[in-house]
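Heads up, the thing below is written out as structure tokens.
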Amino acid sequence: MAGVNWRQWWPWPAVAIVIVLGVWPLVEYWLSNPDDQRLVDLEVYRVGGQMILDGRPVYDFVTPPPQLLPFTYPPIAALLAVPLALMSWDTAQWVWTAGIFVCLGITVGFSFRESLKDYRPLVFAFLMVACTYLMPIRDQVRFGQVDILLVALCLADCVAKRPRWPRGFLIGLATAVKLTPGVFLIYLLITRQWRTFWTATGVTALLTLLPFAVIPQDAVDFWFHALLDPERLGSNAGTTNQSMRGMLIRLYLPSDLLTSAIWLALVAVVGWYGFRFAREAYRRQDPITAVALVGLMAVLLSPVAWIHHLAWVVVVLGAIVGDATDVTRIRVAAGVWLYYVLPIPWWGVTLKAAEIPVLSPVLGKVVQNAYGLGALALVWLLGTWLPKRRYSL
């Protein structure tokens, strides 16, 4: 066929085969789970869409036993979930799982853009498989979660060189669907990307107000009732909540008021440093690092941030690796990768259960908070160590 550069395209079938073979054990494991344990968050989305089709209250239902999970997203997400409700359960599982890997591919492609610029398809395949086994990505497949889609949307919006959409549109969409990407509105504001900021804000507002016209009662139920109930998301003290608030709750401080006061102080301090580092990265034309830092803010500053919310670690790894010419940076990235592959927080649970005097209560809680503490360390790494490393070579 005229106009097709076969030298450019022929490696990609081999890449697809390598990726499929590499991720298949994980996919097969989770998609062969008992039906009531399989992709439980995807079932939440589907039932939310079904409630729209049936004209029933979205925020009153829970999924069937034993999960009993409520719909926790803004009402626009329920409207967007209607196509999932129209699919059979088996079809939805495969479509959603394939979508997870498409979004991961977009995230890997943008995050490691500098190291892939010489067009190395097999390196891309290696990175795809390696990132799949990060625990936050494994949990995307396990639960059928939406986080990697939100990462891909925000990342593409920030770093695509010539986007085919109004820049800011994807951030607005992601923010309307799950609120936490709203940290990117702060980032756009402090970096004075005015046109992108107003586009993102306008899209967020439009998609937030639209349900008031289409499903008004559900919109009222969410914004004035469901949103104000943090326990609706699940046990905030659970190990999988790796936000700063989650880590503080597990310390069992004398009062909720003290916990909240310390949390708000930490939000102010960590937020100030995180967004300042992101602005500095933007100014030195390092958008991948800027996005990675803002993504970490979405996790750390949120009242609740489950382990799968740390899908931003893929972008962090891309920022650390850079153009792959610094061996030290590659080694650091490998260490970060291994840290988030191992189920370290659950080791803390095991250590606490061992009830070793003195050791278990203290060390167990520290290990239980490993991913959240790691995210704090990554803010420092990206904000202070990485710039010095860049300019010391």
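Spin-label model, LEU342/ARG120: points 7 Å from Cα along the beta carbon direction are separated by 2.6 nm.
Here is the list for the range 274-333: trypsin sites (Lys or Arg not before Pro) lying in DSSP coil, each with at most 15 other C-beta atoms within 10 angstrom of its C-beta, are ARG284.
Along the charge dipole of the range 269-346, pointing to its positive end and built from +1/-1 on Cβ of Lys, Arg, Asp and Glu, which listed residue (TYR340, TYR282, LEU317) has its Cα farthest out? Of the candidates, TYR282 comes out farthest on the positive side.
The Kirkwood hydrodynamic radius of the range 204-278, based on inverse pair distances between different Cα atoms, is 15.0 Å.
As a fraction of the 1.4 Å probe accessible area of the range 28-121, surface on carbon and sulfur atoms comes out at 60 percent.
With the convex hull drawn around the C-alpha atoms of the range 327-393, the volume per residue stands at 84 Å³. For the range 163-172, backbone phi angles converted through the Karplus equation (6.51, -1.76, 1.60; θ = phi - 60°) give residue-by-residue couplings of x, 8, 10, x, 4, x, 4, 5, 5, x Hz, Gly and Pro being listed as x. Multiplying the residue separation of PHE224 and SER32 by 0.36 nm and removing their Cα-Cα distance gives an extension gain of 65.2 nm. Across all Cα atoms of the chain, the radius of gyration (one decimal) and Dmax (whole number) stand at 21.1, 74 Å. Largest first, the three principal axis extents of the alpha carbons in the range 8-53 are 47, 25, 10 Å in whole numbers.
For LEU153, what is the net charge nearby, where nearby means another residue's Cβ is under 13 Å from its Cβ and Lys, Arg count +1, Asp, Glu -1? Local net charge: 0. Note on the range 91-169: Cα-Cα pairs beyond 19 Å make up 41% of the total pair count. Scanning the chain for chymotrypsin sites (Phe, Trp or Tyr not before Pro) lying in DSSP loops with no more than 11 further Cβ atoms inside 10 Å, the longest uninterrupted stretch between such sites is 253-393.
Measuring between their Cα centroids, the range 102-121 and the range 270-321 lie 18 Å from each other. With q set to 0.10, 0.18, 0.21 Å⁻¹, the log10 of I(q)/I(0) for the range 29-153, from the Debye formula over equal scatterers at the Cα positions, is -0.36, -0.95, -1.17. Straight-line cross-link partners of LYS117 among the aspartates and glutamates, defined as a Cα under 12 Å from its Cα and at least 8 positions apart when in the same chain: ASP323.
In Å², and per residue, what accessible area does the chain have when probed at 1.4 Å with the other protein chains present? Averaged over the residues of the chain, the accessible area is 47 Å².
The distance separating the Cα centre of the range 123-160 from that of the range 69-88 comes to 21 Å. Here the range 129-276 is treated as a Stokes sphere of Kirkwood radius computed over C-alpha pairs; at 10 °C and 1.306 mPa s its diffusion coefficient rounds to 90 µm²/s. Whole percent per 10 Å bin, from 0 to the bin with the longest distance: what is P(r) over all C-alpha pairs of the range 1-101? Reading the bins upward from 0: 13, 36, 24, 16, 9, 2. Once each of the GluC sites (Glu not before Pro) sitting in a DSSP loop with at most 16 other beta-carbon atoms within 10 Å is removed, the chain keeps 115-354 as its longest stretch. One equal scatterer on each Cα of the range 189-242, no solvent, Debye formula: the resulting log10 I(q)/I(0) at q = 0.17, 0.27, 0.28, 0.31 Å⁻¹ is -0.78, -0.92, -0.96, -1.09. Between the alpha-carbon centres of the range 174-238 and the range 361-376 there is a gap of 29 Å. Straight-line reach from LYS365: taking Cα to Cα under 24 Å and skipping same-chain neighbours fewer than 8 places apart, the lysines in range are LYS352. Sorting the Cα pairs of the range 232-375 by distance into bins of 10 Å, from 0 upward, gives 12, 35, 34, 16, 3, 0 percent per bin.
The values are calculated or read from the model by the stated rules, or taken from the named source; none is laboratory data. These numbers were taken from a predicted model, which means no experiment stands behind them. Here the Cβ is made from the backbone with ideal geometry for all residues, glycine too, and neighbour counts use every protein chain on show. The accessibility values were calculated without ligands, DNA or RNA, using every heavy atom of the protein model including side chains. Shrake-Rupley method; radii C 1.70, N 1.55, O 1.52, S 1.80 Å.
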